[in-house]
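See structure below.
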Amino acid sequence: MILAGKKIILAVTGSIAAYKTPQLVRLLVKAGADVRVLMTTAANGFVTPLALSTVSKHPVLTDVSNGSAWNNHVEMGLWADAMLIAPCSANTLGKLANGLCDNLVCAVYLSARCPVFIAPAMDEDMWAHPSTRNNINKVKAYGNHIVPVGHGELASGLVGEGRMAEPEDIVTLLAGFLNAGRPLKGTKALVTAGPTYERLDPVRFIGNFSTGKMGIAIAEALADKGAEVTLVLGPSHEKTTHPLITTIRIESAHELYTQAVKAFANCSIAVLAAAVADYRPLETANEKIKKAESEMSIALTKTEDTLAALGKIKTPVQTLVGFALETTNELEHARKKLEAKNADMIVLNSLRDEGAGFGHDTNKITLLPRAGEAIALPLQSKQDAAGAIVDYILKLRNAEATV
Ligand code: CTP
């Protein structure tokens, strides 16, 4: 039984897909789960509480109080291993995105400390509406999991996206998540991301076009596997709200070096994805530099190389991963960096690959482990590339542990 002993709250809201929930409850119970059902009043029109209480073998709750008795939403939120909101109507999604709390489902959601899975169900145009997109992004940013909608015939007669995922698929997804464990639980990781700015004077700097997206995706992929991540992030508009990530904002290569060295002491994994300036102005002017001659030169001096520094102090139980952004002789240069900086793996980006490198939402990477062949991966989203990097780090660490 893939959900043996798991405690699940199913919250049913007002969408036609609610007619599938007795089947969903049956499958959850068959998989070994203890299921408690909550409903909004709108859901009552699509499925009866009697049907759901019969299959779950527990009373179905709709109101914060049932006459004289208070339905303790805090207790329910603490009891569950997972909360599943299925189907989640556009209306409930809007409430979840904005913290509204006018019914029991919202009260339990706000009190829940367990992972929350949201299975949206609505008509194609509602699903595509910018406000829905916005609400989906918001609830995702709060750390909730979205169960992908299906494609097919909708209640309106239209055919398109927006159907609630099939009950079988929801159960598989839930089981996959609850059983996956957290292979990096109890592990501390360091990630550097974004550009650095090296000040010339109070209004100018030397920087680069890095956005920090790749490094943030790696921090999130590590945290999703249970790691507690320290993210040392250069000037970037990007951010993460993942509860397992602590972000330390820095500006210069020197600040990045100081924070990374400090955090590395307690970390088992470090991924240095920041695009760090190799040189900084020898002097930073206190006042704005005035225009004078037709030519001017700026004296530069080398910054600390954080990856090389961590490579020097690394212990055998620490896994150190660097990046290499190259434009020519990519593999050769990356291999040299791997050796010179004593990393366990280099993630290579070539600027010659379309859709790779700074600014894109995609990346095309090659993993270059110290031991073994280079692994060239296809063009994929930065999230998927981050997942592949983290999976390979786990593989390296498992191989290490079994030697
Ligand atoms: N790096 C670092 N500190 C620096 C420069 C680079 O920690 N001062 C790290 C980057 O975060 C990356 C790796 O080193 O993980 C390689 O960065 P890259 O700029 O490609 O290499 P460099 O050593 O700077 O070599 P070059 O610029 O000559 O290619």
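What to note about this one:
- The stretch 285-325, subset open to solvent by less than 20 Å² (accessible area, probe 1.4 Å) and either at pLDDT below 95 or part of a strand (DSSP E or B) (or both), residue farthest from Gly357 (Cα to Cα): Thr319
- Test: residue in the stretch 53-61 that is over 19 Å from Ser89 (Cβ atoms) and in contact (Cβ under 8 Å) with a residue 40 or more places away in the chain: yes
- A single member of Tyr279, Tyr257 is open to solvent by 60 Å² or more (accessible area, probe 1.4 Å), closer than 16 Å to Glu198 by Cβ, within 12 Å of the ligand (Cβ to nearest atom) and in contact with a strand residue (DSSP E or B) (Cβ under 6 Å, 6 or more places away or on another chain), and it is Tyr279.
- Note on the stretch 261-276: residues that are within 11 Å of the ligand (Cβ to nearest atom) and in a loop (DSSP other than H, G, I, E, B) total 3.
- Residue in the stretch 150-171 that is touching an Asp or Glu at 6+ places or on another chain (Cβ under 6 Å) and at pLDDT 90 or above present: yes
- Every residue from the stretch 305-317 that is farther than 11 Å from Val271 by Cα and more than 6 Å from the ligand (Cβ to nearest atom): Ala308, Ala309, Gly311, Lys312, Ile313, Lys314, Thr315, Pro316, Val317
- Hey, Glu220 closer than 24 Å to Glu304 by Cβ and either surrounded by 20 or more Cβ atoms within 10 Å (Cβ to Cβ) or free of Cβ contacts under 8 Å to residues at least 60 places away in the same chain (or both) or not: no
- Against the numbered list (1) in contact (Cβ under 8 Å) with a residue 60 or more places away in the chain; (2) within 27 Å of the chain's Cα centre (by Cα), Leu367 comes up short only at (1).
- Selection from the stretch 326-348 of residues that are assigned to a loop (DSSP other than H, G, I, E, B) and either closer than 18 Å to Leu396 by Cα or in contact with a helix residue (DSSP H, G or I) (Cβ under 7 Å, 6 or more places away or on another chain) (or both): Lys341, Asn342, Ala343, Asp344
- The residue that is surrounded by the fewest Cβ atoms within 10 Å (Cβ to Cβ), among those in the stretch 223-240 that are modelled with pLDDT of 95 or more and of a type in the set (S, T, N, Q), is Ser236.
- Residue count for the stretch 19-35, restricted to those that are more than 12 Å from Ser56 (Cα to Cα) and either over 29 Å from the mean Cα position of the chain (by Cα) or open to solvent by 50 Å² or more (accessible area, probe 1.4 Å) (or both): 2.
- Where strands (runs of 3 or more DSSP E) fall entirely within the stretch 136-193, those with at least 1 residues that are more than 30 Å from Leu396 (Cα to Cα) and not β-branched (Val, Ile, Thr) are at 150-153, 159-163.
The values are calculated or read from the model by the stated rules, or taken from the named source; none is laboratory data. Nothing here was measured: the structure is a model prediction, and the numbers come from that model. In this analysis, Cβ positions are derived from the backbone assuming ideal geometry, glycine residues included, and neighbour counts consider all displayed protein chains. Surface areas here come from the heavy atoms of the whole protein model, side chains and all, with no ligands, DNA or RNA. Shrake-Rupley method; radii C 1.70, N 1.55, O 1.52, S 1.80 Å.
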